[in-house]
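The values are calculated or read from the model by the stated rules, or taken from the named source; none is laboratory data. Owing to the predicted nature of the structure, the values given are computational and were not obtained by experimental measurement. Cβ: placed from backbone, ideal geometry, glycine included. Neighbour counts: every protein chain shown.
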Amino acid sequence: MPADTTTDNPLAGVQNSPGVAKPDAIVKGSDITRTFGGLVAVDVGHLEIQRGVITALIGPNGAGKTTLFNLLTGFDVPDSGRWSFNDHSLARVPAYKVARLGMVRTFQLTKVLSKLTVIENMRLGATGQRGEKFWSAPFRALWRSQEDEITQRADEILARFKLDTKRADFAGSLSGGQRKLLEMARSLMVDPELIMLDEPMAGVNPALKQSLLEHVKSLRDEGRTVLFVEHDMDMVRDISDWVVVMAQGQIVAEGTPDQVMSDQAVIDAYLGAHHDTDITQLDEADLERETEAELDEEAKDD
C-alpha cells in the first residue's frame, strides 16, 4: 500500500496553463486523438497528472472527458498518441492489464455484478487468485488460505465503507449510492496507486454524498492519486487540489479550483463568450432564467 503522506500540496507554484508539466507526474500523455466519423472527441496535446493529489477533470457535456478516461485505461483505442503510467507505456495495453499495473477506474453507470452478493463482488476484485487458474481450481486446498486472506481484506474494506451490513445482500438490491460505494471499495482490492472516478456523485442522494466525499479524501490521505470527472462545482472546489478543464475534446485550462473557476476560457466553454462571471456564482436557476430570456429575445426577433 502507498505510504501515508502529510506534505503540503506539491502543485503549489505550478503555472496554471494547459498541459503544464508537473513535479512528479504519475500519468503523462501527448498528442492523444480520438475521432468518431467526422467528430473529434479527443484532441489532447499534452496532459500530466500529479502523483498523490486529487485532480478534477471538468467540462461541459460532450467535452470528451469520459472518452479520455476510456483511452487512458484501455477501454478504447486512440487514433494517435502516447501515454504512460509510472513511465510504463500503455499503448495497446488492455484494460485488465492496466488495472494490474495499479491504475483502476469506476464508471458513471455502475458495473456491479447484480446477481452476486456484495462480498462476492469484492472477492472478484482481487488479482492473482490461485483458485481462478485452470489446473489448481479443482483442488481447494491449494487456494483456500489465499481466499481466506482475500475475504478478510474485503470485509475490512466493506467495514470502512459502511457496507459490511450489506455483505450477504445481492449487489443488485443496493441503492445507486451504495453501488457507487461498492465500486469504489472493490477498486481497492487491487491496492491501486491511481483511482479514476467517472462522476462519482451522479445519481447519489444527499445523505450519501458527504460519505463519498470523505472516502475520496481518505484515498489521497493514504498516498493514492485520484482523478475524477464531476459536474458538481461545489464538490470540485471542496476536495480537488488541481483542476483540468476540457472543451470540445481539448484541454483549455488547468489550475487550482479558484484559478479555474474564474478563468475566462472556462467560463466561455461552459456559458459562451459573452459571459464574464465566475461559474460558481451561477446556480441552475440563474442559468434557466438566462436561457429563457435568450429564447424570448429570439422569439421577438423572429
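What pairs come up if the first residue lies in the stretch 176-196 and is part of a helix (DSSP H, G or I) and crowded, with 21+ Cβ neighbours inside 10 Å, the second is modelled with pLDDT of 90 or more and of a type in the set (Gly, Ala, Ser), and their beta carbons are under 8 Å apart, counting only those six or more places apart or on different chains? Taking only residues 6 or more apart or on different chains, the pairs are Arg179/Ala171; Leu182/Ala171.
Here Trp83 meets each of (1) surrounded by 19 or more Cβ atoms within 10 Å (Cβ to Cβ); (2) touching a strand residue (DSSP E or B) at 6+ places or on another chain (Cβ under 6 Å); (3) closer than 24 Å to Leu181 by Cα; (4) not basic (Lys, Arg) with one exception, condition (3). With respect to (1) of a type outside the set (Asp, Glu); (2) part of a helix (DSSP H, G or I); (3) assigned by TED's automatic domain parsing to the domain that holds Thr127, the lone exception for Lys162 is condition (2). Looking across the stretch 94-129, the residues that are assigned to a loop (DSSP other than H, G, I, E, B) and among the hydrophobic types (A, V, I, L, M, F, W, C) come down to Leu101, Phe107, Leu109, Val112, Leu113, Leu116, Ala126. Only one of the listed residues (Leu219, Leu213) is part of a helix (DSSP H, G or I), in contact with an Asp or Glu (Cβ under 8 Å, 6 or more places away or on another chain) and assigned by TED's automatic domain parsing to the domain that holds Val260. That residue is Leu213.
Out of curiosity, is Leu101 within 14 Å of Leu194 (Cβ to Cβ) and modelled with pLDDT of 95 or more? For Leu101, the condition - within 14 Å of Leu194 (Cβ to Cβ) and modelled with pLDDT of 95 or more - is not met.
Put simply, of Leu182, Leu163, Leu142 the only residue that is of a type in the set (A, V, I, L, M) and farther than 13 Å from Asn121 by Cα is Leu142.
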